[in-house]
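Structure record follows, encoded as structure tokens.
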């Protein structure tokens, strides 16, 4: 796909053919990733950016020991399955007093993968006696791009904050309701990630940082300049 024409071909049905596949079966994450990537790659048709589920790709076993290893594992498997450039991320919450846990086990901290409520309840119970001054934590994300011809690129992003004692807010997913990002306006209320709008969250999030750093590589692979790039002569 490197050097592909900027104009996406259409299938016989007239629907634009996929040009980029995102390694997630999570509808919330797919929406978030599209919201981050589409404005950064001008002219990219949303219909050409599909999720792993849309492509019929199975979810690989995530047995890496770091976020970067798992992101690459997922992107490699998806690029091989679809023959398209694949973008994957692996992310999680690292709690200071837990030595960086849940970390790569964030999505299955309570035992079952993707059970956000159970994960939150278990973590809050584990931290019930921890004073506010010691509730520091951060979100971490590794985002990977892999092309069918073997090109690989990885970027990282982090969002520092403190953990609330109870979930707050209804936006976002995962551990968003309990991480209160650092650096908020002292004149206003401190909000959790789940109390931020999608636009506010994407502007500061670990995932937003990692994917925006990955945009130049994605744009180059798709044959489009990233937003803000100087025109070529």
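The values are calculated or read from the model by the stated rules, or taken from the named source; none is laboratory data. Keep in mind it's a predicted model, so treat the numbers as computed, not measured. Because the Cβ atoms are built from the backbone with ideal geometry, glycine has one as well, and the counts that use them run over all protein chains shown.
Among the candidates 75, 80, the residue that is touching a residue at least 40 places away in the same chain (Cβ under 8 Å) and more than 20 Å from the chain's Cα centre (by Cα) is uniquely 80. Count of the range 169-182 residues, restricted to those that are touching a strand residue (DSSP E or B) at 6+ places or on another chain (Cβ under 8 Å) and without any contact (Cβ under 8 Å) to a residue 60 or more places away in the chain, is 4.
Once the range 5-26 is narrowed to residues that are in a loop (DSSP other than H, G, I, E, B) and buried (at least 16 other Cβ atoms within 10 Å of the Cβ), the residue that is modelled with the highest pLDDT is 23. The selection criterion, being at pLDDT 85 or above, exposed (fewer than 15 other Cβ atoms within 10 Å of the Cβ) and more than 21 Å from residue 156 (Cα to Cα), holds for residue 61.
From the residues in the range 111-140 that are surrounded by fewer than 15 Cβ atoms within 10 Å (Cβ to Cβ) and touching a helix residue (DSSP H, G or I) at 6+ places or on another chain (Cβ under 8 Å), which one is modelled with the lowest pLDDT? Top of the filtered list is 114. Of the residues contained in the range 64-81, none is found to be in a loop (DSSP other than H, G, I, E, B), touching a helix residue (DSSP H, G or I) at 6+ places or on another chain (Cβ under 6 Å), surrounded by fewer than 21 Cβ atoms within 10 Å (Cβ to Cβ) and at pLDDT below 95.
Return a yes/no flag: does the range 45-60 have any residue that is farther than 23 Å from residue 172 by Cα and touching a residue at least 40 places away in the same chain (Cβ under 8 Å). For the range 45-60, residues farther than 23 Å from residue 172 by Cα and touching a residue at least 40 places away in the same chain (Cβ under 8 Å): present. Does the range 42-63 hold any residues that are out of contact with any strand residue (DSSP E or B) (no Cβ under 7 Å at 6 or more places or on another chain) and part of a helix (DSSP H, G or I), and which are they? The one that is out of contact with any strand residue (DSSP E or B) (no Cβ under 7 Å at 6 or more places or on another chain) and part of a helix (DSSP H, G or I): 46. Restricting attention to the range 27-54, the residues that are surrounded by fewer than 18 Cβ atoms within 10 Å (Cβ to Cβ) and within 23 Å of residue 113 (Cβ to Cβ) total 6.
Given the structure, is residue 96 under 26 Å from residue 202 (Cβ atoms) and either crowded, with 18+ Cβ neighbours inside 10 Å or at pLDDT below 95 (or both)? Answer is no for this residue.
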